[in-house]
Amino acid sequence: MSILSSIKSPADVKKLRSADLPALAREIREKIISVTSQNGGHVGPNLGVVELCIALHRVFSTPKDKIVFDVSHQSYVHKLLTGRNGEKFDNLRKTGGYCGFCNRSESEHDAFGAGHAGTALSAALGLASARDMLGGDENVIAVLGDAALTNGISFEALNNISSSAKKFILILNDNKMSISKNVGALSKYFNDLITNPAYNRLFSDMESFLKKSGIGQKVAKIGRKAMHETKDFLMSSSMFEKYGLRYLGPIDGHDLPLLEQYLQFCKCSPEPVILHIITEKGRGLECALKNPEKFHGASPYDIHTGANKEHTDPNAVLYQDAMGKTLLKIAQKDKTVVGITAAMSAGTGLSHLKKAIPSQFFDVGIAEEHASIFAAGLAARGIRPVVAIYSSFMQRAVDCAMHDVCLQNLPVTFCMDRAGLSAQDGATHHGLFDIAMLRCIPNAVLMQPSNEDETADMLFSAVYSGKPCFIRYPRGKGEYVKMKDFPEKIEIGKAVELKKSDGKVCIWALGNMVSVAMKAAEILKAGGVDAGVVNARFVKPLDSALLAKHMSENSLIATLEDHSAKGGFGSAVLEFLQESRCKTPVEIIGWPDQFIPHASNVDALREKYGLSPEAVAGRILGRLRA
């Protein structure tokens, strides 16, 4: 029997001999590679933290001790060591399988759910402060990557750790060696000294003795100051110590005995401490080491070559590429057009601009708020910025979009990829709330294309509209519509009637739901209802003239959107109906008022939640017959 198959809980990890740990690490890597090669997922980040997770579960005891993973896309190893090594792990990120992130409802060992960067420090500090308030003694450990330190939330939390918690452990998993000053033999010697139990007992005993004398407090203070100044003289002082955290490292994050030694010291530390470890992203998989960006979050792949297993249709254009390639065409003609991304150049399609015209490309790191205000500053000087952010990550920048862009009516274009579902990632990544958050903001123009060519036209129109514009579009392939050599401007707020009705019902569909509406109309026609279909294109402003016309001509208006039914496109239509004192009923069809889980694909979720063509047609027929 393999060692991994014998692990049913963290207690089993603690029982293993030290000599068995390298074999366990090897088996875990083999398991992760096997599962992700079939299902896709975050390959590189998990292969890099195998030894760290083993050491954490040997030193600490979850669920009493709390381990909080930033983003938690690197939690696969943690899942395997906490009783989740079975069929549901084999179906990771698929219908019926475990989700790809920590989830409090999935296991008591998941102390905090996540999915976005920069949350670990704040959440862990909350857990630690609650422990102190309640008189507990559990350990709280935050695990974050060096990239999380480009996120403002991390620094907001860092500023409060020393004043809000008695004990706190921060593990900085540095897999890019971005914090690399304090290295070398002197650093190793110094850290070996400060982790030596005898040294620390001696210093503690000396301090206790001094405090008993009349001048002890002053002498102890001088002694501590001398130690810090000596360290500053010998090696560059860590910025973390300026925040009140005792800094250890950097150390080899793949050396299990060393990790356990340092984690034991962290466990006994009476003050907040940071352990800086160096790891190799993608360790154990050659193709992941050669292409870390691709294997950060990969589609199913061939283990030996790294090639995608999924069939690539040469005639298909991804929405992100339609946007990215169009932006490049526009930027080549206009040097005032720039692209901005928050550490997602490949995922948003901005890699095309980055490669061809790097001078017109900005990557600000995981900092969506900064990206938005930075764009506002550029726009204030006549630059035409295009900010590409995933829909679910745009949530963080809504205040900036309102206060810094729309309030000043600055011409910034936001391209919100992954609007709708990101099926295998699940609730943290679904873009189902952007319309509700943005359409209430004055000056904002909000639109969604129905195909890849319309994506290009909307981007071109937005860039030269002179207005704050938000374009939302889904993940994945377009509708196989041939794209023009260069985009054309479209009229802001103008919908397109695709199919006339017989006076019973007209379906106003938004974006990628237009194709669903057309299929539903075919089903309705077979049932004796000749439904009209409109490509709405704009949520704000609505095409009020065409909408008023259709409300007067039809017994029912149905709205269809890849967004929450609450506060979305359908709600905007209802508001228009009320304002115009129209009594035509409206059937709003969208995602229900709940967080939608992950699944194998979009179709499975549409089928389950009533957004398939058949379900849409059935719902409209039911409303007509009511």
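Nothing in this text is a laboratory measurement; each read-out follows from the coordinates by a stated rule. Quantities reported herein were computed from a predicted structural model and do not represent experimental measurements. Cβ atoms come from the backbone with ideal geometry, glycine included; neighbour counts cover every protein chain shown.
Computed extension gain for Gln408 through Asp12, at 0.36 nm per residue and net of the alpha carbon distance, reaches 136.6 nm.
Can you pull the Kirkwood radius for region 496-625, inverse mean 1/r over Cα pairs, to one decimal in Å? Mind dumping the intermediate values first?
Details: mean 1/r = 0.0685 Å⁻¹.
Hydrodynamic radius (Kirkwood, Cα only) of region 496-625 equals 14.6 Å.
Positive-end ranking of Val386, Gly83, Cys99 along the dipole of the chain, with charges on Cβ about the Cα centre, is headed by Gly83. With a/c under 1.5 counting as rounded, go ahead and sort region 1-100 into rounded, prolate or oblate using the C-alpha gyration tensor (a ≥ b ≥ c being the square roots of the eigenvalues; past the cut-off, prolate if a/b is larger than b/c, else oblate). Prolate is the answer for region 1-100, as a/c is 1.5 or above and a/b outweighs b/c.
Here the chain is treated with +1 on each Lys and Arg Cβ and -1 on each Asp and Glu Cβ, and its dipole about the Cα centre works out to around 720 debye. Entry note, the chain: the mean residue ellipticity at 222 nm calculated from DSSP H runs of n ≥ 4, each adding -39500 (n - 2.57), is -12000 deg cm²/dmol after division by the residues and rounding to the nearest 500.
Determine the alpha carbon to alpha carbon distance for each of Lys354/Lys477; Lys500/Lys549; Lys333/Lys355 and list only those over 18 Å.
Numbers: Lys354/Lys477 22 Å; Lys500/Lys549 12 Å; Lys333/Lys355 16 Å.
Over 18 Å Cα-Cα: Lys354/Lys477.
Name the shape class, rounded, prolate or oblate, that the alpha-carbon gyration tensor gives for region 319-472, where a ≥ b ≥ c are the square roots of its eigenvalues, rounded holds for a/c under 1.5, and otherwise prolate holds if a/b is larger than b/c and oblate otherwise.
On the way: a/c = 1.34, a/b = 1.10, b/c = 1.23.
The shape class here is rounded.
Listed by chain and number, the aspartates and glutamates placed with their C-alpha closer than 18 angstrom to that of Lys482 are Asp313, Asp321, Glu452, Asp453, Glu454, Asp457; residues fewer than eight positions away on the same chain are left out.
Quick one: grab the alpha carbon gyration tensor of region 387-503, order the square roots of its eigenvalues as a ≥ b ≥ c, and give me rounded if a/c is under 1.5, else prolate or oblate depending on whether a/b is larger than b/c.
Details: a/c = 1.56, a/b = 1.16, b/c = 1.34.
Oblate, because a/c is 1.5 or more while a/b does not exceed b/c.
For the residue pairs Lys79/Lys166; Lys504/Lys566; Lys294/Lys484; Lys31/Lys242, alpha carbon separations beyond 32 Å are given by Lys31/Lys242. A crude spin-label estimate for the pair Ser465 and Asp603, with each label 7 Å from Cα along the Cβ direction, gives 3.3 nm. Only one residue of Val533, Pro592, Ser564 has its Cα farthest out toward the positive end of the dipole of region 496-625, where Lys and Arg carry +1 and Asp and Glu -1 on Cβ, and that residue is Val533. Working note: Karplus 6.51/-1.76/1.60 with θ = phi - 60° gives region 76-88 the couplings 4, 5, 4, 5, 5, 8, 10, x, 10, 9, x, 4, 5 Hz, where Gly and Pro are set to x. Within the straight-line cut-off of under 18 Å between alpha carbons, the aspartates and glutamates reachable from Lys519 are Glu479, Glu497, Asp502, Asp530, Glu561, Asp562, Glu587, Asp603, Glu607, Glu614, sequence neighbours fewer than 8 places apart in one chain being disregarded. Once the Cα atoms are used to define both axes, helix 613-625 deviates from the longest principal axis of the chain by about 50 degrees. Computed from phi, the 3J(HN,Hα) profile of region 154-164 under the Karplus parametrisation 6.51, -1.76, 1.60 (θ = phi - 60°) reads 4, 6, 4, 6, 4, 5, 10, 4, 5, 9, 10 Hz, with x in place of Gly and Pro. For the chain, the spherically averaged projection of the C-alpha convex hull amounts to 32.6 nm².
Considering only DSSP beta bridges where both residues belong to the chain, give the percentage that are antiparallel (nearest 5). If you can, show how the numbers build up before the last one.
Working: 9 of 64 bridges.
In the chain, DSSP labels about 15 percent of beta bridges as antiparallel.
For region 481-524, the residues whose backbone nitrogen is under 20 Å from a point 7 Å from the Cα of Lys583, taken along Cα to Cβ, are 503-506.
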